[in-house]
Amino acid sequence: MKYIEVTVSEDKARIVSKIADKMEARDFRLEFVGEDGMQQMRLLVSDDRVQPTLDALQVILDSEPRARIAVLGVELFLPQPDEESRKEEDSASSAREKLYDDVEKNARLDINYLVLVFLSTTVAAIGLLKDNVAVIIGAMVIAPLLGPNLALSLGTALNDLSLMRKALSTLIAGVIFAVLLSYGIGWFWPVEYASKELMLRANAGLDSVALALASGAAAALSLTSGLASVLVGVMVAVALLPPAATIGLMLGKGHYDDAIGAVLLLSVNIICVNLSSKIVFLIKGVSPRSWQERKSARISLVFYIIGWLISLAAVLYLLCLRGTLTFC
């Protein structure tokens, strides 16, 4: 359940009331009219009706510059809805605007992001060199590279070129920074490598593809379902940072063949996370508000999915040439 609070001019009350009826709002209340002529109204709607209600109400925003909409969470609602209604709410996706707000924050190229990349790369490099799984998991949980990947997928689903550019530039900057930092660590590290965990990140196989596909799908599903806590487990599973750190460490010691293997593993992870998360956003119906934008975004999303599939096929072919895939 969500309360949608609308602040519009008094003469728009009838329009909001019709929207409340159309969306089968559980409750609709008219509040006081302010000195500025603006009136507050509240609609209590089920989770599966939040997005359609917001889309309908935003038509008012287009014609009313002073209008405001706020979505308020409801901790408990009594009497409890019936079983069928609860199932519909449980399967509902988070509102598009909330998804955008959650994901966009993780696509910003700022000092906080760079500090997280610095910390996670340092932790990952030490864990890899010391063959310490617990330390590597710590670097995975920080996982600053997961945010830009999800933002890139959401930007594709919404056909938002601005978000896509922001996410892509943040992702590229994070990977380059991680590789350069780990290169410096590898260059200064006094001994040769004998770490099993490090060598595991220098090769990719079908298990890597399956893991990354499942992780990207789980990440997108947890976001659209409002279960953000699940992302911690996804971050541990997808492991975007350790392969990036492995690239730099191998380059720092002149192990170029192993560095190429790590590049292919990182490529597999990035491609599969984007591919599976895009498919989940497509299935969950995450799309722009207007019909024309939805049509354009859906067509673009299909082409992007095809592009990622071609990229995955190309990487798998390179892995076949390296002899790391058993069926080749």
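Read-outs: derived from the displayed coordinates by stated rules, not from any lab. All of these numbers come straight from a predicted model, not from anything done at the bench. All Cβ positions, glycine included, derive from the backbone under ideal geometry; neighbour counts span all protein chains shown.
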Overall dimensions of region 114-219 as given by Cα atoms, namely Rg and Dmax in Å
15.4, 49
What 222 nm value per residue comes from the helices of the chain, counting each DSSP H run with n ≥ 4 as -39,500 (n - 2.57) and dividing by all residues, nearest 500 deg cm²/dmol?
-22000 deg cm²/dmol
Pairs of lysine in the chain with Cα under 15 Å and at least 8 positions apart or on different chains: total?
4
With all distinct Cα pairs included, what does the Kirkwood hydrodynamic radius of the chain come out to in Å, to one decimal, could you say?
21.8
Return one number: the angle in degrees, 0 to 90 and rounded to the nearest 10, between the long axis of the Cα atoms of helix 291-322 and the longest principal axis of the Cα atoms of the chain.
10
All alpha-carbon distances of region 99-166, grouped into 5 Å bins from 0, give the whole-percent distribution 4, 18, 23, 17, 14, 12, 8, 4, 1
C-alpha long axis of helix 133-142 to longest principal axis of the chain, angle in °
40
The exposure ranking of F118, F303, fewest beta-carbon neighbours within 10 Å first, is F303, F118
Work from the charge dipole of the chain (Cβ charges, +1 for Lys and Arg, -1 for Asp and Glu, about the Cα centre) and give the residue of L54, W308, I279 farthest towards its positive end.
W308
